[in-house]
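Trainee: One structure is given below, represented as structure tokens, and several questions about it will come after.
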Amino acid sequence: MRFQGTLSAWNPDAGIGRIRPSGGGEEVFVSLAAFPTDGEGPRLDEPLSFEIVTGRDGRKQAAGLMRVLAPQVSSAALREAAGVGRLRLRQSQKRRRMGLAAGAIVALVLVVGGAQLWQPEASGEVRVGMRR
């Protein structure tokens, strides 16, 4: 009997992981040997179809894994999603420009104000507030 689930954990060094069944229940152990040899490695949250067998140690494990293709999204939905993305991009660019402009104005005010306060006296006198 085949089950559906997603790869919930994967250790690339050991070549083992766990699959969370879609119908709920206990996670199932899976090894790299159970994956199809299509050249692609396991990816977290990847939808999979699998059979459950009992291993040599008596534990349940996944076997005969097949990758489940993601459902196709209509082009109208993609265009709508792209429009939302463009709007967010424009809004973030506008906020960034406003932030840069505000920062430039603050820097200009600080430079002009500091230059006026820092001008030394031509007569050599030291202001009262600047004596030690």
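Trainee: With at pLDDT 80 or above and within 30 Å of Pro12 (Cβ to Cβ) as the only criterion, which of Gly113, Gly64 stands out?
Mentor: Every option except Gly64 fails the conditions.
Trainee: Can you name the condition, by its number, that Lys94 falls short on among (1) within 30 Å of Asp38 (Cβ to Cβ); (2) surrounded by 10 or more Cβ atoms within 10 Å (Cβ to Cβ); (3) modelled with pLDDT of 65 or more?
Mentor: The single condition Lys94 does not satisfy is (1).
Trainee: Would you confirm whether any residue within the stretch 72-79 is closer than 12 Å to Leu7 by Cβ, at pLDDT below 85 and either under 25 Å from the mean Cα position of the chain (by Cα) or assigned to a loop (DSSP other than H, G, I, E, B) (or both)?
Mentor: Checked the stretch 72-79: no residue is closer than 12 Å to Leu7 by Cβ, at pLDDT below 85 and either under 25 Å from the mean Cα position of the chain (by Cα) or assigned to a loop (DSSP other than H, G, I, E, B) (or both).
The values are calculated or read from the model by the stated rules, or taken from the named source; none is laboratory data. Computed from a predicted model, the values in this text were never measured in an experiment. Heads up, the Cβs are rebuilt from the backbone with ideal geometry, glycines too, and the neighbour counts pull from every protein chain shown.
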